[in-house]
1. It is to be established whether one or more residues within the stretch 143-154 are under 20 Å from the mean Cα position of the chain (by Cα) and assigned to a helix (DSSP H, G or I).
2. Going by what's in this entry, would PHE125 be described as without any contact (Cβ under 8 Å) to a residue 40 or more places away in the chain, surrounded by fewer than 18 Cβ atoms within 10 Å (Cβ to Cβ) and farther than 22 Å from PHE171 by Cβ?
3. Within the stretch 25-43, is even one residue in a helix (DSSP H, G or I), more than 15 Å from TRP233 (Cβ to Cβ) and of a type in the set (Val, Ile, Thr)?
4. With respect to LEU219, is the statement that it is touching a residue at least 60 places away in the same chain (Cβ under 8 Å), surrounded by 15 or more Cβ atoms within 10 Å (Cβ to Cβ) and either in a loop (DSSP other than H, G, I, E, B) or not aromatic (Phe, Trp, Tyr) (or both) true?
5. Pairs needed: first member in the stretch 189-204, in contact (Cβ under 8 Å) with a residue 40 or more places away in the chain and more than 10 Å from TYR82 (Cα to Cα); second member anywhere, surrounded by fewer than 22 Cβ atoms within 10 Å (Cβ to Cβ) and charged (D, E, K, R); C-beta distance under 9 Å; at least 6 residues apart or different chains.
6. Pairs please, first residue from the stretch 64-75 and closer than 10 Å to VAL188 by Cβ, second anywhere and modelled with pLDDT of 95 or more and among the β-branched types (Val, Ile, Thr), Cβ atoms under 7 Å, 6+ apart in sequence or on different chains.
7. Exactly one condition in (1) in contact (Cβ under 8 Å) with a residue 60 or more places away in the chain; (2) in a helix (DSSP H, G or I) is not met by VAL113; state its number.
8. So, in the stretch 80-122, how many residues would count as being over 24 Å from TRP40 (Cα atoms), buried (at least 24 other Cβ atoms within 10 Å of the Cβ) and of a type in the set (Val, Ile, Thr)?
Amino acid sequence: MKNKTKGTLYVLLCIALWALIPVVAKMGQTQLDNHQFLFWSSLVSFVVLALSVTFTGNLKEFKTYQLKDWAYLSFLGLLGTYIYYLFLYLGYSKAIGMEVLVVQYTWPILIVVFSIFILKERLNFKKSIAIILGFLGVLIVLTKGDFQNIHISNAPVIALVGAGAASFALFSVLSKNIKKEPLGVVAVYFFVATVASFISMMFYSGFATPVSSEVFPILLNGILVNGFSYVFWLLALRSAEASYLAPFTFITPVLSAIYLIVLFDEPVVIAYGIGLVFVVVGGLVNSLKSRGS
C-alpha cells in the first residue's frame, strides 16, 4: 500500500474519533471543570496506552530513549495533549460550541503555515487558497456575516481556544520527524498531560471525582477520542506530508457541527454554515491531486 494511501486511511480514522470531541467535552463537564476533566481523561489515556505498550512487547523501546528524547517528547506532550485540550475544554464549557468549533479548526490551516516555515514544504497555489479560505471561514463565523462587527460570545475564552489550536498545529508539525514506536510516544504524551493537568488542577481548581453521568464520556474520551487517535495521527504524519493531511481534517468540524446542533440545541446561524463551507472547500482544494503527481 502506498504511503499516501495509508496516510489517508489513518487520518480518516482520526476524523471519525475527533468529531466526538465537542460531545464528550460537554457531557463530561456537567460537574467537572476543564482542569479536572482533562486530568481524568489524560489518566485514562495513559493507563490504556501504557497497558498496550506492555502487552505488545514495546516496553523495551524505552531503553533506546536518551535524555534529549524524553525532554523533546515531554515538550510535545505539553503542546499537543495538555495546552490544546485545556483551552479547548474550557471553550466548550464556557462559550458557544459552534464558535469554539470553527476556531478550534484553525489548527489544520496553521499546520500548512508552520510546515512551510519549519519543514520547508513548498507554498503552492492550492495551499495558498486553503489558507485564505480557511481564515475567511473563521472570520465569517466570528462576525456572523457582519464584517464591521465581531460578535464573540466570550472573547477571552475564544482567544485561548485559538492559542490551543496553534499549540496543536505546532505539535503536529514537530511530531513529523519522530521515528520512535507510536504507542510508546503517545503514552509519554499522556503521562505528561496527566502530571501537568494534576498540577494545574490542584493550583487553579481542586481535586474532584466524576459523577456517574461523566464516567462514560471520560472513558470514551480517554481511550479512543484522545488516546488511540494520536497513534493514528502519528502514523498518518509518517506516511504523508503534513500539509497533505491537514485538509482532510476539515471534514471533522462538519460532523461535530451536526452533533452540536442535534444533541445540544446549538443555535443554527447561516453564517456558521457558510463559514464551515469555506474551510471545507479550502481543505478540498489543497487535497486535490495535481497533474503529474
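The values are calculated or read from the model by the stated rules, or taken from the named source; none is laboratory data. Quick caveat: nothing in here was measured; it's all calculated off a predicted structure. Positions of Cβ are generated from backbone atoms using ideal geometry, with glycine treated the same way; all protein chains shown enter the neighbour counts.
1. No.
2. Considered against the rule, which asks whether it is without any contact (Cβ under 8 Å) to a residue 40 or more places away in the chain, surrounded by fewer than 18 Cβ atoms within 10 Å (Cβ to Cβ) and farther than 22 Å from PHE171 by Cβ, PHE125 comes out as yes.
3. Going residue by residue through the stretch 25-43, those that are in a helix (DSSP H, G or I) are 25-27, 34-43.
Narrowing the set further to residues that are more than 15 Å from TRP233 (Cβ to Cβ) leaves 25-27, 34-43.
Now drop any that are not of a type in the set (Val, Ile, Thr), which leaves none.
No, every residue in the stretch 25-43 fails to be in a helix (DSSP H, G or I), more than 15 Å from TRP233 (Cβ to Cβ) and of a type in the set (Val, Ile, Thr).
4. yes
5. Partner pairs satisfying both residue conditions: MET201/ASP33; TYR204/ASP33.
6. Short answer, once both residue conditions are applied: SER74/VAL192.
7. For VAL113, the failing item is (1).
8. Looking only at that region, the number is 5.
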